[in-house]
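Only one structure is covered here, and it is reproduced in the block below.
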Amino acid sequence: MGLIVQKFGGTSVGSIEKILNVAECVRGEKERGNQVVVVVSAMGKSTDQLVNMAKEISEQPNKREMDMLLSTGEQVTIALLSMALNQKGLEAVSFTGWQAGIMTEPVHGNARISKINTDAVQKQLHAGKVVIVAGFQGVTEDGEITTLGRGGSDTTAVALAAALNADKCDIYTDVTGVFTTDPRYVKNARKLLSVSYDEMLELANLGAGVLHPRAVEFAKNYNVRLEVRSSMEKVEGTVIEGEATMEQNLVVRGVAFEDGITRVTVLGLRNSLTSLSTIFTTLAKNQINVDIIIQSTTEEGAANLSFSIHTDDWIPTLNVLENNKETLAYDQLDAENKLAKVSIVGSGMISNPGVAAKMFEVLANSNIPVKMVSTSEIKVSAVVEEKNMLKAVEALHEAFELGQN
Ligand code: ASP
Ligand code: MG
């Protein structure tokens, strides 16, 4: 007998009909003789609706109360799914995050799981029940309810799979797997049969919305066998594992993209030795995430600095930089909005020189100016204007032969 963790996302539980479909999926796994833990998201767009209600009251709602509010979404689903299973003659019990022993650090809105006490879940599994756990939420040592950041139910599922030493974690969603790029935008995007943890981590961090990046991090650290698959179509999904075992011949495996990027330029930093550390320490203290950083030195020995951020962070960044102008000792500030980041990812890049060169050639041939660049061993990202984003994605997808034959 195996132990399987199944996770169903918002669209897969978006209506009563769909919840009944999920119950069938769970029944299938149970009938194969497995113990089953099910993690669910809130129904459909209900988390967004909760966010909107809070925004009607306050532009910056209290973070504790926000977690209190958002955690209710998942609680609706667990109860309904448990009823559906019981109705079908399968014994089930639902648990909120705290009941399932999911402990987090004391941060509201984006907490990390710190440990999981699996006793309660294990007890119910041994009693033969299906255990249904609310995704995206946990509790602090002090008993405060927290949430794990948007999309965080994936992380609940993988963390539970790791803590329970499950044989497998299946992430059921509204697409049939991980694609070479977003199939909603690029018609001939192809489903990948397998990707490595590292490739998936890059793809998830670079804008492929299919998995929460922290879920992939967990899966990698605890070696959880992960599969992304469809809750509606019974077809093979994408397996995420240590080494991609199939299709290894491809140097580039996928193209990820993300809009809403701003490039900030700080000119004439006079204390060039310490300016980098002061700027980025100040931004970090204000919870501003900086992505790509480029520095150059002027003939007079001052430094010019460009960095990219999410456009959502632009106003706070501007405030931080202006409020600290004296200490940071710069001449001028500048920003460019409406940018996007397009990235190519693949483990094969490590041993194949010339991949970046080819990327820039493709972009140049498509008349797409590149504003910033960053690379790692297995990815190259280029910042381009938002209006060129999809053109760049299509050209790269084509040039690296990622499409269906
Ligand atoms: N319901 C939460 C969200 O919409 C968590 C999740 O679905 O993973 O972000
Ligand atoms: Mg999701």
Taking region 180-232, which residues are among the aliphatic types (A, V, I, L, M), surrounded by 24 or more Cβ atoms within 10 Å (Cβ to Cβ) and away from ligand 1 (no atom under 16 Å from the Cβ)?
192, 195, 200, 203, 224
With the requirement that a residue be part of a strand (DSSP E or B) and either surrounded by fewer than 19 Cβ atoms within 10 Å (Cβ to Cβ) or β-branched (Val, Ile, Thr) (or both), what does region 277-303 give you?
293, 294, 295, 296, 297
Considering only region 176-183, I want to know if a residue exists there that is more than 15 Å from ligand 2 (Cβ to nearest atom), without any contact (Cβ under 8 Å) to a residue 12 or more places away in the chain and under 17 Å from residue 401 (Cα atoms).
yes
Is it true that some residue in region 223-245 is within 28 Å of the chain's Cα centre (by Cα) and free of Cβ contacts under 8 Å to residues at least 12 places away in the same chain?
yes
For region 166-179, what are the residues that are open to solvent by less than 40 Å² (accessible area, probe 1.4 Å) and assigned to a loop (DSSP other than H, G, I, E, B)?
166, 176, 177, 178
Determine whether region 96-104 contains at least one residue that is of a type outside the set (Asp, Glu), touching a helix residue (DSSP H, G or I) at 6+ places or on another chain (Cβ under 8 Å) and open to solvent by 40 Å² or more (accessible area, probe 1.4 Å).
yes
Scan region 246-276 residue by residue and report those that are modelled with pLDDT under 90, within 26 Å of residue 359 (Cβ to Cβ) and open to solvent by 80 Å² or more (accessible area, probe 1.4 Å).
248, 249
Being part of a strand (DSSP E or B) and either without any contact (Cβ under 8 Å) to a residue 24 or more places away in the chain or of a type in the set (Val, Ile, Thr) (or both) narrows it down to one residue among 383, 362; which is it?
383
So how many residues does region 1-41 have that are under 27 Å from residue 164 (Cβ atoms), more than 16 Å from ligand 2 (Cβ to nearest atom) and either part of a helix (DSSP H, G or I) or hydrophobic (A, V, I, L, M, F, W, C) (or both)?
17
Within region 207-242, how many residues turn out to be closer than 13 Å to residue 169 by Cβ and of a type in the set (Gly, Ala, Ser)?
3
Which condition number in (1) near ligand 1 (Cβ under 10 Å from one of its atoms); (2) in a helix (DSSP H, G or I); (3) touching a residue at least 24 places away in the same chain (Cβ under 8 Å); (4) under 21 Å from the mean Cα position of the chain (by Cα) is the one that residue 66 fails?
(1)
Just wondering, is there one or more residues in region 145-165 that are open to solvent by 10 Å² or more (accessible area, probe 1.4 Å), assigned to a helix (DSSP H, G or I) and more than 16 Å from ligand 2 (Cβ to nearest atom)?
yes
For region 86-95, give me each residue that is open to solvent by 20 Å² or more (accessible area, probe 1.4 Å) and assigned to a strand (DSSP E or B).
93, 94, 95
Just a yes or no: is a residue in region 42-50 within 16 Å of ligand 2 (Cβ to nearest atom), buried (at least 18 other Cβ atoms within 10 Å of the Cβ) and in contact (Cβ under 8 Å) with a residue 60 or more places away in the chain?
yes
The number of residues in region 306-348 that are open to solvent by less than 40 Å² (accessible area, probe 1.4 Å) and in a loop (DSSP other than H, G, I, E, B) is 3
Are any residues in region 215-242 in a strand (DSSP E or B) and within 20 Å of residue 346 (Cα to Cα), and if so, which ones?
226, 227, 228, 238, 239, 240, 241
For region 128-143, name all the residues that are closer than 10 Å to residue 105 by Cα, open to solvent by 10 Å² or more (accessible area, probe 1.4 Å) and either touching a residue at least 40 places away in the same chain (Cβ under 8 Å) or within 16 Å of ligand 2 (Cβ to nearest atom) (or both).
139
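The values are calculated or read from the model by the stated rules, or taken from the named source; none is laboratory data. If you're wondering where the values come from, they're calculated on a predicted model, not measured in any experiment. Note that we place each Cβ from the backbone using ideal geometry, even for glycine, and neighbour counts take in every protein chain shown. Heavy atoms of the whole protein, side chains included, go into the accessibility calculation; ligands, DNA and RNA do not. Shrake-Rupley method; radii C 1.70, N 1.55, O 1.52, S 1.80 Å.
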